[in-house]
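> Below you'll find the structure I mean.
The values are calculated or read from the model by the stated rules, or taken from the named source; none is laboratory data. Keep in mind that what you see is a predicted model, and the values were worked out from it rather than measured. Reconstructed Cβ throughout: ideal geometry from the backbone, glycine too, with neighbour counts over all protein chains shown.
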Amino acid sequence: MTVWIKDGEVVDPRRGVRHDDLIVEKGRVAGILPRGAFRRSGEGVRVIDASGKLVLPGLVDMHVHLREPGEEYKETVSSGCRAAVAGGVTAVACMPNTVPPNDCRAVTEFILKQAAGAGTARVYPIACITAGQQGKTLTEFGDLAAAGAVGVSDDGLPVADSEVMRRALEYGRFHGLTVISHCEDRSLSEGGVMHEGVVSTRIGLPGIPAACEEIMVCRDISLARLTGCPVHVAHVSTAGAVALIRRAKEEGVPVTCETAPHYFTLDHEAVAGYDTRTKVNPPLRTPEDVAAIRQGLADGTIDAIATDHAPHSPLEKELEFDRAAFGMIGLDTFLPLVLQLVRDGVLDLPEAVRKCTLNPSVLLGIEGGGLEEGSRADLTLVDPEMEYRLREEDLVSKSKNSPFIGMTLKGRAVLTMVGGRIVWERDGTHPDSR
């Protein structure tokens, strides 16, 4: 079947905004034509009216937690993929801190099998850097890459041993795996539950200083400089980390980084009500850190935006703040929070799209992120003016631990297509992808 997406604003990270029609055939973009130039109709042609909508490449979220295997009561590969496509995300890279962790071929292959069965978003496994995430012995990078892993990380835990991290960078480059670093000095963060500052002092919660992140960012930049091997820094949250990465890039060090929407949207005042949905690691920082993150996005220091989607059940969240688990979900709210950056003038629309599509695709070495003739038809239609108050029942994720519940958001995916198949429509249907 031919799909004709007409009268929308096509946004490509490389070519900007075009008022063109998009033709999809055999899972690919078969044509991008001036409006009205395509004249076929009738049987075999589905027409999608995209008037007033943005036609974007499918978002690529390079940092999610799908919790399967082992914690399926929080999220599964299938439920996480449904949340992804409902949010306009067509590809996710899933972190390895499952139970057991993804440190061997068998777990990587299991995740890919579950993703194939789900038949919605594309899933790209990130495997462990070290066996059991213990920080001591490297995993079999070559075997993991052959099984389908696209990167390695001990996310949730840092690789504290600098010699181990050095070898990870060298082996990662050799095997074509993106090395993603969780930058945390646990000797400084131990016992902390939020950012260390005036708010933590006022409300009586133990803090995690910004230096906890910055020390390890500095270490990993030094290792990338030493080896000449690239390192990618996950979930950047502090002004100091942004400054270190900016300087390293100016010096030609092969370092890239991402941040998450909550770090450019919320600050540590959000924790003052002891809402455990605001408990995340790295923690929400100061307004000055938020401003630095937004500036880092604007000037290109921060390469990508990823959600760090971290589902938890009420068992882990409906507790005293210091006992609750770290993490918040993000797939459901990814699009409106990024579009707010455009409305605030931090990024123009093509650059905002680039940080959520093309850049993460390049960083992970996967296909995707653009809308050009011949490209894979992974795309989403977005109503940028749709305004809504987020309710718990609106969340497609299996878990509901979002601090944005009750807030008014603007911008929403109304249709998502993966490989030319419509896998989500805003009326709430989930077309059978088999």
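> Among what's in region 289-315 and is among the charged types (D, E, K, R) and within 15 Å of the chain's Cα centre (by Cα), pick the residue that is surrounded by the most Cβ atoms within 10 Å (Cβ to Cβ).
D308
> In region 396-418, what residues are in a loop (DSSP other than H, G, I, E, B) and buried (at least 21 other Cβ atoms within 10 Å of the Cβ)?
Within region 396-418, S397, S399, N401, S402, P403, F404 meet the criteria.
> Using beta carbons and a limit of 6 Å, which pairs, at least six apart or on different chains, have the first residue in region 373-394 and in a helix (DSSP H, G or I) and the second one of a type in the set (A, V, I, L, M, F, W, C)?
E392/I405
> Only one of these conditions is not met by I221: (1) buried (at least 22 other Cβ atoms within 10 Å of the Cβ); (2) at positive phi; (3) not acidic (D, E). Which number is it?
(2)
> Filtering region 285-305 down to residues that are in a loop (DSSP other than H, G, I, E, B) and touching a helix residue (DSSP H, G or I) at 6+ places or on another chain (Cβ under 7 Å), which residue is nearest to L244 (Cα to Cα)?
Checked region 285-305; the qualifying residue nearest to L244 (Cα to Cα) is T301.
> Having 2 or more residues that are over 26 Å from the mean Cα position of the chain (by Cα) is the bar; report the strands (runs of 3 or more DSSP E) wholly within region 1-100 that clear it.
2-6, 20-25, 28-34, 45-49
> Right, another one. Give G192, G156, G135, G142 a once-over and let me know the one that is in a loop (DSSP other than H, G, I, E, B) and without any contact (Cβ under 8 Å) to a residue 40 or more places away in the chain.
G135
> I'm told W4 meets every condition in (1) surrounded by 18 or more Cβ atoms within 10 Å (Cβ to Cβ); (2) aromatic (F, W, Y); (3) closer than 25 Å to P314 by Cα except one. Can you identify the failing condition by its number?
So W4 meets the others, but not (3).
> Looking at D161, D155, can you tell me which residue is among the charged types (D, E, K, R), under 14 Å from M216 (Cα atoms) and buried (at least 16 other Cβ atoms within 10 Å of the Cβ)?
Just a single option satisfies the conditions, and that option is D155.
> Before we move on, is K74 touching a residue at least 12 places away in the same chain (Cβ under 8 Å), within 30 Å of A127 (Cα to Cα) and surrounded by 17 or more Cβ atoms within 10 Å (Cβ to Cβ)?
When the stated conditions are applied, K74 passes them.
> Among the residues of region 200-212, are any under 26 Å from C104 (Cβ atoms), modelled with pLDDT of 95 or more, within 23 Å of the chain's Cα centre (by Cα) and part of a loop (DSSP other than H, G, I, E, B)?
No, region 200-212 has no match at all.
> On to the next question. Please state which one of E367, E318 is over 18 Å from L56 (Cα atoms), surrounded by fewer than 17 Cβ atoms within 10 Å (Cβ to Cβ) and not β-branched (V, I, T).
Of E367, E318, the one residue that is over 18 Å from L56 (Cα atoms), surrounded by fewer than 17 Cβ atoms within 10 Å (Cβ to Cβ) and not β-branched (V, I, T) is E318.
> Check region 227-240 and report whether any residue there is under 17 Å from D155 (Cβ atoms) and part of a helix (DSSP H, G or I).
no
> For region 340-365, which residues satisfy the criterion of being within 18 Å of the chain's Cα centre (by Cα), assigned to a loop (DSSP other than H, G, I, E, B) and closer than 18 Å to A291 by Cβ?
L347
> With the structure loaded, tell me whether D49 is over 25 Å from T178 (Cα atoms), out of contact with any Pro (no Cβ under 7 Å at 6 or more places or on another chain), of a type in the set (D, E, K, R) and touching a residue at least 40 places away in the same chain (Cβ under 8 Å) or whether it fails that test.
Here the answer is yes, as D49 does meet what is asked.
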